[in-house]
Amino acid sequence: MTSLPRSSPLALTVLALLHHKPLHPYGIQRLIKDWGKEQVVNVGQRASLYRTIERLLEAGLIAVRETERDQQYPERTVYEVTDAGREVARGWLDEMLAAPRAEFPQFPAALSHALMLAPGELLDALERRLAVVGATLQSLEAGLAAESGSGLPRIASLESEYLRAVTAAEVSWLRAITDDLREGRLRWSAADLLAFAAQQNDAAATRKD
């Protein structure tokens, strides 16, 4: 077995689904969508799935079970998880659950440069984001209600519960910030920022002296 590939949500999901049963790549992609895992795993690009499967295969974490041949479909390779793959999957799962990782999402990065905009421009951008995130929250709540009504065990919906909690927190924050912008409690100007920068430079020069 070669060195282990880096853990990733997609690699963990492939191993987890192959715990369920042997699958070919199309079956993996379909099951991710059928089980609602596309909320937390990006399978929009099929090439990413194939590259992940190749890395897991090279590392000995999965193996070829069989090759399906059917006149109606192209040849399909069916994969199964190995004992090593089961062990690695459990290790990855424990690490991902226990150890927060700095992921550098784009929204906080953009917020760190929000002072480039005028207050009205920032308000417009955040109001548009609030509309989208609010709709996402409604969709998550509807999905959780449907899952609960179907009798699905709660353990199978924990990622949706987490996404709802995080999304609800963002909606609450966005409402507070847009209210502050709208009412003038959060404001700035280029002159204010330049004056603050000059003050900081003077303070730094004083400390050096």
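Listed values, structure above:
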| quantity | calculated |
| --- | --- |
| All positions within segment 41-91 that are open to solvent by 100 Å² or more (accessible area, probe 1.4 Å) and part of a loop (DSSP other than H, G, I, E, B) | Asn42, Gln45, Gln71, Gln72 |
| Number of positions in segment 10-26 that are assigned to a helix (DSSP H, G or I), in contact (Cβ under 8 Å) with a residue 24 or more places away in the chain and not polar (S, T, N, Q) | 10 |
| Pair list, Cβ under 6 Å, 6 or more apart: segment 73-86 residue within 17 Å of Ala59 (Cβ to Cβ), other residue polar (S, T, N, Q) and assigned to a strand (DSSP E or B) | Thr77/Thr67 |
| Count of residues meeting criterion [open to solvent by less than 100 Å² (accessible area, probe 1.4 Å) and of a type outside the set (A, V, I, L, M)] in segment 23-40 | 9 |
| Within segment 28-40, considering residues that are closer than 20 Å to Leu152 by Cα and outside any loop (DSSP other than H, G, I, E, B), the one nearest to the chain's Cα centre (by Cα) | Gln39 |
| Options Ala203, Ala165, Ala142, Ala169: the member that is more than 30 Å from Lys33 (Cα to Cα) and either part of a helix (DSSP H, G or I) or more than 25 Å from the chain's Cα centre (by Cα) (or both) | Ala203 |
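The values are calculated or read from the model by the stated rules, or taken from the named source; none is laboratory data. What you see is a predicted model; the values in this text were computed from it and never measured. Virtual Cβ from ideal backbone geometry, glycine too; neighbours counted across all protein chains shown. Surface accessibility is based on the protein's heavy atoms, side chains included, excluding ligands, DNA and RNA. Shrake-Rupley method; radii C 1.70, N 1.55, O 1.52, S 1.80 Å.
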